[in-house]
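Data block below; observations after.
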Amino acid sequence: MARVPGDSGGLAREAAVLKAVHEGRPDLSKTVPRIVAFEEGDRPVLVETALAGPLLKPAMLRREPTRYVDAVVAWLIGLAATPRKDIEAGWYERMLERPLNDLAESLRLPAGEVDLVKRTLELVEPLREAEIPEVVEHGDLSHPNLIWTGQNRVGVVDWELAEEHGLPLHDLAYFLSYATFALRRSTDTTAQVAAFHDAFFPGGGWARARVEAYARGLALDRELLTPLFVACWARSVVRLVDRIGGEEAAPMSEEAVAWIQQNRYYALWRHAIAHADGMVW
């Protein structure tokens, strides 16, 4: 049921994306719920089939990290679709340029932070004219939305943040961050940023091999990995701001801005921008 009476947006999005996954990727049908019924109205209700199996909790992930991480990478490669070029006009403006400009309007940052959006737009600019694969994007690929269904297959639930026409690497970067926090038992933002750096940045980052395997699976140009990686964390902050302040661009209160700045997604976005120039794949 919708968290807020009458607000069926998230449920409608979930229903539409699950329908698209089942129609376009029948080989993944046992790893995602199937729609039983969707009733809109004052009290919208979405009914889905269940997935059987244990949650892929941090403790479970730590027991066999290679097995579980590689299963998620394989599942994400299975969501890849056709090249985006000439398919969806205006995707760059819809998914990156306009949301980031709205973020700059909503998130009135202190003087030392004002260039974050500007620098992000510079870093993601190569994506504007690039031919990149279009993927179904889950949007929250971490605990408790991952279920181990057995036979080396992961199941995924809670699709209310999904994008039927999403960006590659977003879900993988998000999941690998969850995995590295679990493996390092990182619970505070400082420890999480340190684990994030060690996992993704040059010098032996364990997650880099999974990113490269994913890029090969999607025939994704390595020159686009850093722009897509930065886009992941910028869009995570955009979604966070939208969920707190609504989707209309308007200045947030000083208290809300301060809370956002303490959030781990903001810290990861800031760190990715600060170290993007040295992120060679």
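Among the residues examined, Asp171 qualifies as among the charged types (D, E, K, R), crowded, with 22+ Cβ neighbours inside 10 Å and either assigned to a helix (DSSP H, G or I) or in contact with a Cys (Cβ under 7 Å, 6 or more places away or on another chain) (or both). Could you list, in sequence order, the residues of the range 183-217 that are more than 17 Å from the chain's Cα centre (by Cα), over 20 Å from Ala59 (Cβ atoms) and aromatic (Phe, Trp, Tyr)? Across the range 183-217, the qualifying residue is only Phe201. Taken over the range 193-246, the criterion of being of a type in the set (D, E, K, R), without any contact (Cβ under 8 Å) to a residue 60 or more places away in the chain and surrounded by 14 or more Cβ atoms within 10 Å (Cβ to Cβ) is satisfied by Asp198, Asp242. Among residues of the range 1-19 being touching a Pro at 6+ places or on another chain (Cβ under 7 Å) and modelled with pLDDT of 90 or more, the one that is nearest to Val136 (Cα to Cα) is Leu18.
The residues of the range 247-280 that are open to solvent by less than 40 Å² (accessible area, probe 1.4 Å) and more than 18 Å from Asp115 (Cα to Cα), listed by number, are Ala256, Asn263, Met279. Of all the criteria given as (1) in a helix (DSSP H, G or I); (2) closer than 19 Å to Leu116 by Cβ, the one not satisfied by Ala213 is (2). Testing Thr120 on (1) open to solvent by less than 10 Å² (accessible area, probe 1.4 Å); (2) among the polar types (S, T, N, Q); (3) under 18 Å from Pro58 (Cα atoms), one condition comes back false. Which one is that? Unmet condition: (3).
Among the conditions (1) closer than 26 Å to Ala2 by Cβ; (2) more than 13 Å from the chain's Cα centre (by Cα); (3) in a loop (DSSP other than H, G, I, E, B), the only one that Trp159 does not satisfy is (2).
The values are calculated or read from the model by the stated rules, or taken from the named source; none is laboratory data. Only a predicted model underlies this, so the values are computations on that prediction, with no experimental measurement involved. Please note: Cβ atoms are built from the backbone with ideal geometry, for glycine as well, and neighbour counts cover all protein chains shown. Protein only, heavy atoms only, side chains kept; ligands, DNA and RNA dropped before computing areas. Shrake-Rupley method; radii C 1.70, N 1.55, O 1.52, S 1.80 Å.
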